Each structure stands twice: as C-alpha cells, then as structure tokens.
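*Asks:* Sending over a structure as structure tokens; questions will come in a sec.
Derivation of every value follows stated rules applied to the coordinates shown; laboratory data play no part. This structure is a prediction, so every number in the text was calculated from the model and none was measured. Every residue, glycine as well, gets a Cβ built from its backbone with ideal geometry; the counts of neighbours run over all protein chains shown.
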Amino acid sequence: MIDLEYLPISSSEIPIEKDFTIGETYSFRFLYNERFDFYTCTILDSDANILFTTKICYARELIDAQIENLGISRLIIPLNPQEIEQNRVLQGQIVNQKMFGNDILLILGRSVEE
C-alpha cells in the first residue's frame, strides 16, 4: 500500500467539526445528507466564518476554486488508496455513507501553488 497522508475522518463520526492545519489551521465541518446519501464539507476560519462549502465527490479536488482568505497549501482529494494503486478512477461519483472514511479517504496531495 502507498504511504499516504489523509484527514482522519470516518462516517461514524459525522456530523463533526475538527481543526486541521494544512498551511494554516481551519475548522472542517462534515455533515451527512441522509435523504440523498451524500456528504458536505464546510471550511471555517478561526472566527467561525464560513469560507467554503462543497459536496464531496470522488476523485475531485475538495477545493476546486480560488477562495479569498483560504490558505490551504495542499490538494485534498477523496480517493480509495487501492484505486490509486490499481489506476482505476471513478471521478465525479458522489461519495455516499458506505464509502466515506472506509474505502474513501480525504487524501492530502501535492502542495498547491499560490
């Protein structure tokens, strides 16, 4: 297995808000939509201001835009580590409860150019 860094979150913890330092420290709030079976991630600054919110989709960058006041220095990509090794990508599929935190981890990728 490839040695990867990832955000340690599992579906059993959600809903949850945790602080992570990725360049700077931000609070990450993870919620689950039971009706439609998907997860969202909201990133907040130290004053609890919402900087970014997104639906978590497989093999797509969690933060897919330039966001003012958001200085996260790494890519965050929901991937199954076994899929990386096997080179099979399910890009764009919505991450559901069965996959999140089990097969699908929030992988920390290369540093983002500022």
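*Asks:* Between Lys55 and Glu13, how many nm apart are label points set 7 Å from Cα along the C-beta direction?
*Replies:* 2.4 nm
*Asks:* Suppose every Lys and Arg Cβ carries +1 and every Asp and Glu Cβ carries -1, with no other charges. What dipole size does the range 6-109 come out with about its Cα centre, to the nearest 20 debye?
*Replies:* That gives a dipole near 300 debye.
*Asks:* Provide the three semi-axes, in whole Å and in decreasing order, of the ellipsoid equivalent to the chain as defined by the square roots of 5 times the Cα gyration tensor eigenvalues.
*Replies:* Largest first, the chain gives 21, 18, 12 Å.
*Asks:* Under 9 Å from the Cβ of Thr40, count the other residues' Cβ atoms, weight Lys and Arg +1, Asp and Glu -1, and hand me the total.
*Replies:* Counting the neighbours of Thr40, the net charge comes to +2.
*Asks:* Count the net charge of all other residues whose Cβ sits under 13 Å from the Cβ of Gly92, scoring Lys and Arg as +1 and Asp and Glu as -1.
*Replies:* Combined, the nearby Lys, Arg, Asp and Glu give 0.
*Asks:* Over the chain, with a Gaussian network built from C-alpha contacts below 10 Å, which listed residue (Gln97, Gln82, Gln66) shows the highest mean-square fluctuation?
*Replies:* Most flexible of the set in this elastic network: Gln66.
*Asks:* Which longest uninterrupted range of the chain lacks any trypsin sites (Lys or Arg not before Pro) assigned by DSSP to a loop state (not H, G, I, E or B) and surrounded by at most 15 other Cβ atoms within 10 Å?
*Replies:* The longest such stretch corresponds to 36-87.
*Asks:* Write out the GluC sites (Glu not before Pro) in the range 1-61 meeting two conditions: DSSP loop, and at most 12 other Cβ atoms within 10 Å of their Cβ.
*Replies:* When the GluC sites (Glu not before Pro) of the range 1-61 are filtered for loop state and at most 12 Cβ neighbours within 10 Å, Glu5, Glu34 remain.
*Asks:* Under 8 Å for C-alpha pairs, at least 6 residues apart: give me the relative contact order for the chain, rounded to a whole percent.
*Replies:* 29 percent
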